[in-house]
Amino acid sequence: MASPEWTVERHLEAGSERGRALWHRFADVVAACGEHSLSVAKTTVTFKGPKRGFAGARPKGDELVGYFDIDYRVEDSRIRSVSPYQKDLFVHHFRVSSIDDEFARWIRDAYEQVGCGRR
């Protein structure tokens with residue numbers, strides 16, 4: 001039997017109330033950036049700008065796990081790993097229990113640089 005289709009709601013079921021609230025806060029940060037769409041897969045919900053996907057996230061218990069792509073490296077305890085994706089683009093994998101202004105700025109940068117293709 002085929003597994004059920006992945007949806008945002010199915011991903012949200014994996015989070016606690018706090019984890020779901022973090023996902024919605026993340027989605028609000030992206031929405032404030034501008035035009036975007038969602039692509040839902042088994043591993044995450046990807047946020048796509050007008051040009052391409054730039055970030056993804058899903059709740060995991062009380063936290064939010066995911067990634068974002070930007071053209072500089074971020075050294076921060078919330079960033080679990082940074083890998084070069086292209087010579088001038090780095091994918092940052094994160095795990096957060098809150099979203100502050102600094103984190104929101106990284107997401108805005110990812111939207112502008114990658115989602116809108118401005119890098």
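The values are calculated or read from the model by the stated rules, or taken from the named source; none is laboratory data. Because the structure is a prediction, the values reported are computed rather than measured. Note that each Cβ is placed from the backbone with ideal geometry, even for glycine, and that neighbours are counted across all protein chains shown.
If a residue has to be of a type in the set (Ser, Thr, Tyr), more than 16 Å from Ala31 (Cα to Cα) and not in a strand (DSSP E or B) to count, how many in the stretch 82-119 make the cut?
Filtering the stretch 82-119 for residues of a type in the set (Ser, Thr, Tyr) gives 83, 85, 97-98, 111.
Then keep just the ones that are more than 16 Å from Ala31 (Cα to Cα); that gives 83, 85, 97-98.
Filter once more, keeping what is not in a strand (DSSP E or B): 97-98.
Of the residues in that region, 2 qualify.
So, Arg105, is that one within 20 Å of Arg119 (Cβ to Cβ), basic (Lys, Arg) and surrounded by 11 or more Cβ atoms within 10 Å (Cβ to Cβ) or not?
Values: within 20 Å of Arg119 (Cβ to Cβ): yes; basic (Lys, Arg): yes; surrounded by 11 or more Cβ atoms within 10 Å (Cβ to Cβ): yes.
When the stated conditions are applied, Arg105 passes them.
Just to be sure, is Asp71 surrounded by fewer than 18 Cβ atoms within 10 Å (Cβ to Cβ), in contact with a Ser or Thr (Cβ under 8 Å, 6 or more places away or on another chain) and not aliphatic (A, V, I, L, M)?
Numbers: surrounded by fewer than 18 Cβ atoms within 10 Å (Cβ to Cβ): yes; in contact with a Ser or Thr (Cβ under 8 Å, 6 or more places away or on another chain): no; not aliphatic (A, V, I, L, M): yes.
Here the answer is no, as Asp71 does not meet what is asked.
Select from the stretch 60-117 the residues that are among the aromatic types (Phe, Trp, Tyr) and out of contact with any Gly (no Cβ under 9 Å at 6 or more places or on another chain) and write down the one among them that is farthest from Ala14 (Cα to Cα).
Step one: filter the stretch 60-117 for residues among the aromatic types (Phe, Trp, Tyr), giving 67-68, 72, 85, 90, 94, 103, 106, 111.
Filter once more, keeping what is out of contact with any Gly (no Cβ under 9 Å at 6 or more places or on another chain): 72, 85, 90, 103, 106.
Working: Tyr72: 31, Tyr85: 28, Phe90: 27, Phe103: 23, Trp106: 25 Å.
Result: Tyr72.
Taking the criterion of being in contact with a strand residue (DSSP E or B) (Cβ under 7 Å, 6 or more places away or on another chain) and at positive phi, would at least one residue in the stretch 25-40 satisfy it? Reasoning before the result, please.
Going residue by residue through the stretch 25-40, those that are in contact with a strand residue (DSSP E or B) (Cβ under 7 Å, 6 or more places away or on another chain) are 26, 30, 36-39.
Within this subset, residues satisfying the condition of being at positive phi are none.
Scanning the stretch 25-40, I find no residue that is in contact with a strand residue (DSSP E or B) (Cβ under 7 Å, 6 or more places away or on another chain) and at positive phi, so the answer is no.
For Thr7, state whether it is under 20 Å from Arg119 (Cβ atoms) and either out of contact with any Asp or Glu (no Cβ under 7 Å at 6 or more places or on another chain) or among the aromatic types (Phe, Trp, Tyr) (or both). Show your work before the answer.
On the way: under 20 Å from Arg119 (Cβ atoms): no; either out of contact with any Asp or Glu (no Cβ under 7 Å at 6 or more places or on another chain) or among the aromatic types (Phe, Trp, Tyr) (or both): yes.
Considered against the rule, which asks whether it is under 20 Å from Arg119 (Cβ atoms) and either out of contact with any Asp or Glu (no Cβ under 7 Å at 6 or more places or on another chain) or among the aromatic types (Phe, Trp, Tyr) (or both), Thr7 comes out as no.
Residue check: is Val8 aliphatic (A, V, I, L, M) and in contact (Cβ under 8 Å) with a residue 60 or more places away in the chain? Walk me through how you get there before you give the answer.
Numbers: aliphatic (A, V, I, L, M): yes; in contact (Cβ under 8 Å) with a residue 60 or more places away in the chain: no.
In short, no.
Assuming Ser39 fulfils every condition listed in (1) modelled with pLDDT of 95 or more; (2) among the small types (Gly, Ala, Ser); (3) not in a loop (DSSP other than H, G, I, E, B) apart from one, which condition is it?
The number of the failed condition is (1).
I'd like the full set of residues that are within 9 Å of the chain's Cα centre (by Cα) and without any contact (Cβ under 8 Å) to a residue 40 or more places away in the chain, limited to the stretch 27-57.
Once the filter is applied, which keeps residues that are within 9 Å of the chain's Cα centre (by Cα) and without any contact (Cβ under 8 Å) to a residue 40 or more places away in the chain, the stretch 27-57 yields Ala27, Thr44, Val45, Thr46, Gly56, Ala57.
If I filter the stretch 42-51 down to residues being part of a loop (DSSP other than H, G, I, E, B) and modelled with pLDDT of 95 or more, which single residue comes out as nearest to Ile99 (Cα to Cα)? Walk me through how you get there before you give the answer.
Kept after step one, since they are part of a loop (DSSP other than H, G, I, E, B), are these residues of the stretch 42-51: 42-44, 49-51.
This time we only want the ones that are modelled with pLDDT of 95 or more, so: 49-51.
On the way: Gly49: 20, Pro50: 24, Lys51: 25 Å.
It comes out as Gly49.
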